[in-house]
Amino acid sequence: VEASIPEPQRAAWNKYAPKPFESAEEFERETVKHIETTLARSLYNCDELAAYGGTALAFRDRLVIDWNKTQQNQTFADQKRVYYLSLEFLMGRALDNAMLNVGHKETAKQGLSDLGFRVEDIITQEHDAALGNGGLGRLAACFLDSLASLNYPAWGYGLRYRYGIFKQEIIDGYQVEVPDYWLDFNPWEFARHDITVDIQFYGHVNKYQDDEGKMVCSWEGGEIVQAVAFDVPIPGYGTPTTNNLRLWASKAASGEFDFQKFNSGEYESSVADQQRAETISAVLYPNDNLERGKELRLKQQYFWCAASLYDIVRRFKKSKRPWKDFPNQVAIQLNDTHPTLAIPELQRILIDQEGLDWDEAWSIVQKTFGYTNHTVLPEALEKWSVPLIQHLLPRHLQIIYDINLNFLQYVERNNPKDRDLLGRVSIIEESNPKMVRMAYLAVIGSHKVNGVAELHSDLIKTTIFKDFVKIYGPDKFANVTNGITPRRWLHQANPRLSELIASKLGGYGFLKDLTLLHKLEAYVDDKDFRKEFQEIKYANKVRLARHIKEVTGVSVNPSALFDIQVKRIHEYKRQQLNIFGVIHRYLAIKKMSPEEKKKMTPRVSIFGGKAAPGYWMAKTVIHLINEVGRVVNADKDVGDLLKVIFVEDYNVSKAEIICPASDISEHISTAGTEASGTSNMKFVLNGGLIIGTCDGANIEITREIGENNIFLFGNLAEDVDELRHAHLYGNFQLDKELESVFDAIRSGMFGDAGQFSALVNGIVEHGDYYLVSDDFASYCKTHDMIDEAYKDQEEWVTKCITAVARMGFFSSDRCIDEYAEMIWNVEPLQPKADGVDGANG
Ligand code: AZC
């Protein structure tokens, strides 16, 4: 790599190389300078937003210095890199994280106070970067944090949506979606207008003989859209390593803006072409765990895969290594099947553009990719229609067919007697229209496939990928249990708990090695520690109660048991089970004598989460929760014994307030449906207990923290099929208590019963697919146990502390180390204090 500044001039350069602020005074100078110049504001119109801007820019300057050095260092080291392809990155806010990782939060606090601001108010000015739906997108964000913190040379690749996940408003108890335009002021991204890639769509394939007589294919015609890179620095904790997240935005290709049209007065139509191109990266699809085969979504997927691969290949080619080295330099992880088109795209680049023969190319492709599956729900498994792919990506369809042909021949050779097998595992589903099964293509094109928790990784081997285990053997399939970053989900969300832990463990080392938490067990009986632990939980509940009061107007008692379920609204996650349980509790309270009421544990049931705009059943659940809240919260008979709250617009920054404030959180999916869940980990790490089914990571959480410290209930995954069968054949009795809940709903107690009939009938008449009735009795009984357990606060706090101490396993750092060793075969790269050896010479 050559330096662009010639040797004699480097002294001048180095003399003026930026020096990051160190003191509060220097921070103030930088901040005021940014407010006055970069933002063009003054003493007279500097509001909190402007102060946020100045602060963010001052920290950004520091970040960028580390970022540049990291990128240079990685280029010089020229070792294997990881590329994490994800259509979703649910990042949340960046400033607090930058302060933590760069250091100097105290400096900023002092400096801001000198300027007349409070650091907490400034941090909350930032708009969440909400480029994701739920668990899958937040996992990608935690992974970026861990990759940088562990010094892995790694890049994320995604789309720069102009609109992230919609903002949820609750109006008259109904969800209303409002667009999330978040880019008005985003100091964290750098537009790289010089880094562009032309992306082709439509057109046709020409086949011809080249000079050497070899048949070659070329994809011609169609239209071109330009991808422009936007880079976001991702700082690590306790290290200067600052990785890159590259997001692509779509733009009309330079030739596309039709000056002819424009000059002849057809302004509108020339601008329309441009807007059509920009539509590709305009909006995040708001479905979680649901696939709908929309053409624009397929365009997004190809646009992003093609731009990212072009970039990766371009970087590799600079090294002038032979192609067979590609998998030694590049590991690409597919976050679910959304980036599966990267597989035929790399094959296309290698054979059509680089002239490799098929087998050589295919072996490179398989060694390069790893695929993570995040769900076994059939409605979430992506399939694209053959005619649609044919139309949009004609060359890729040919390649997919060739991949399939080779694969099926291989299967047939090894399983000559099993004719059905070929139809079952074919990438092409023989339906009308024919469909491309993206998960199969991802399995076939990768060297490793992993699930995200033990149960889930076992399930994919016995259900959706069963035949592939037979074909490839079990070693192609692995488990990497999900994790969360303790930086955001402990230290930032719960600074007081983090500080308390640090005071006992002799520093913040646990934020780098979460297993150190086990040392907390020595303090389980320490009176002062217990007291402070409880006080912190109470303070966090007060903070949440204040937020609830602000946005809903309802006062809740922070001494009540806070029972929280926050996640996307989905039938399989069973918020309906929760709200039916709440109604059951309400009916019970209504029947109680004053003496009985006195013995009752007061509760606040808190819900939060978005429903996909087209998911009618999920929206009905939101409506029911709000109607129940309206009735219960106003009922004088009930008072503080029960409050029901729906927190609108649940997102990452709300989660940072909510997770530290639970006594109990709910992770109650039908067994076998929730691949992992990650908020279960966040709640326990913050000193709350959980009620859960034997599903996803709940099982491993139980193993780690001990079954006395978790409230498990419900049927097991292995029994689900049989129970569903029993429902279908009328071979079951509706739970009696649930029946009374339904009677109450039908009576109109919570408003017009007709609105909720589909919810009730789904259980009573249509087979109760999610087994709400089967689990209802054990769910309610378990809540009764929780009430009792909560009365013994001494025992309760023992459970909470023990659980926190045993959560070390669930750090995303552990998770990333497992990927690095088992799937990517990459090593960390130690940062150099001054950037790069030889960078100045
Ligand atoms: C989610 C799973 O539903 C959740 O259980 C898991 O914790 C998370 O991924 C991270 O692995 N899946 C999705 O959000 N979406 C899809 C398409 O699976």
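Bins of 5 Å, beginning at zero and ending with the bin holding the largest distance: percent of Cα pairs per bin for region 263-349, please.
It works out to 3, 10, 18, 18, 14, 12, 10, 8, 4, 2, 1, in whole percents.
Modelling each spin label as a point 7 Å along the Cα-to-Cβ direction, I'd like the residue 721/residue 535 distance in nm, to one decimal.
Taking the simple label geometry, residue 721 and residue 535 are separated by 5.6 nm.
How do 558-568, 664-674 rank on mean C-beta neighbours within 10 Å, highest first?
Peptide ranking by packing, descending: 664-674, 558-568.
Once you have the Cα-Cα distance between residue 422 and residue 496, take 0.36 nm times their residue separation minus that, and quote the gain in nm to one decimal.
Length gained between residue 422 and residue 496: 20.8 nm.
Below 17 Å, Cα to Cα, which lysines can residue 417 reach? Residues fewer than 8 away in the same chain don't count.
470
From the helices alone, meaning DSSP H stretches of at least four residues, give me the mean residue ellipticity at 222 nm for the chain, per-run term -39500 (n - 2.57), in deg cm²/dmol to the nearest 500.
The per-residue figure over the chain is -13500 deg cm²/dmol.
For a 23 Å ceiling on Cα separation, which of these pairs sit above it: 597/791; 654/791; 105/519?
Checking Cα-Cα distances, 654/791; 105/519 exceed 23 Å.
Using a 10 Å cut-off around each Cβ, can you sort 136, 511, 377 from fewest to most neighbouring Cβ atoms?
Neighbour counts put them in this order, fewest first: 377, 511, 136.
For region 459-471, take each phi angle, set θ = phi - 60°, evaluate the Karplus expression 6.51 cos²θ - 1.76 cosθ + 1.60, and give the result in whole Hz per residue in order, putting x for glycine and proline.
In residue order, the calculated couplings are 4, 5, 6, 9, 10, 4, 10, 3, 4, 6, 5, 5, 6 Hz.
Based only on other Cβ atoms within 10 Å, what is the fewest-to-most ordering of 305, 217?
Going from sparsest to densest Cβ surroundings: 217, 305.
Give me the net charge for the shell around residue 247: Cβ to Cβ below 9 angstrom, other residues only, Lys and Arg +1, Asp and Glu -1.
0
Please compare each pair in 299/573; 19/367; 69/367; 69/299; 541/832 to a cut-off of 32 Å on the Cα-Cα distance and tell me which ones are over it.
19/367; 69/299; 541/832
As a quick test, which of the pairs 549/781; 590/636; 567/736; 599/636 have an alpha carbon distance above 20 angstrom in this structure?
Among 549/781; 590/636; 567/736; 599/636, the Cα-Cα distance tops 20 Å for 549/781; 567/736.
Express in nm, to one decimal, how much length is gained between residue 294 and residue 503 on full extension, taking 0.36 nm for each residue of separation and deducting their alpha carbon distance.
69.9 nm
With +1 on each Lys and Arg Cβ and -1 on each Asp and Glu Cβ, how big is the dipole of region 560-804 about its Cα centre, in debye rounded to the nearest 20?
760
Just rank 55, 620, fewest to most, by other beta-carbon atoms within 10 angstrom.
620, 55
Please name which of 238, 387, 286 has its Cα lying farthest along the dipole of the chain towards the positive end, using unit charges on Cβ (Lys, Arg +1; Asp, Glu -1) and the Cα centre as origin.
Result: 238, furthest along the dipole toward the positive end.
Counting only other residues whose beta carbon sits under 13 Å from that of residue 35, what net charge do I get with K and R as +1, D and E as -1?
-2
Counting only Cα atoms, I'd like the Rg/Rh figure for region 560-804, Kirkwood definition for Rh.
0.94
So if I take the alpha carbon set of the chain, get Rg, then get Rh from the Kirkwood formula, what is the Rg over Rh ratio?
We get a ratio of 0.97 for the chain.
Measure out, as a whole number of angstrom, how far apart the alpha-carbon centroids of region 482-536 and region 142-200 sit.
If you average the Cα positions of each part, the centres end up 31 Å apart.
Quick one: the Cα spread of region 147-195 along its three principal axes, in angstroms, biggest first?
Largest to smallest, the principal-axis extents are 49, 29, 17 Å.
Where in region 41-112 are there chymotrypsin sites (Phe, Trp or Tyr not before Pro) that are in a DSSP coil and have at most 15 other Cβ atoms within 10 angstrom of their Cβ?
Passing both the DSSP loop test and the Cβ count: 44.
What size of dipole, in debye to the nearest 20, comes out for the chain about its Cα centre when the only charges are +1 on Lys and Arg C-beta atoms and -1 on Asp and Glu C-beta atoms?
620
Show me 435-442, 117-124 ranked by packing, highest mean number of other Cβ atoms within 10 Å first.
435-442, 117-124
Using the per-residue mean of other Cβ atoms lying within 10 Å as a proxy for protection, in what order, highest first, do the peptides 545-556, 281-292 fall?
Output ranking for 545-556, 281-292: 281-292, 545-556.
Rule-based calculations on the coordinates, nothing more; no lab input. If you're wondering where the values come from, they're calculated on a predicted model, not measured in any experiment. Every residue, glycine as well, gets a Cβ built from its backbone with ideal geometry; the counts of neighbours run over all protein chains shown.
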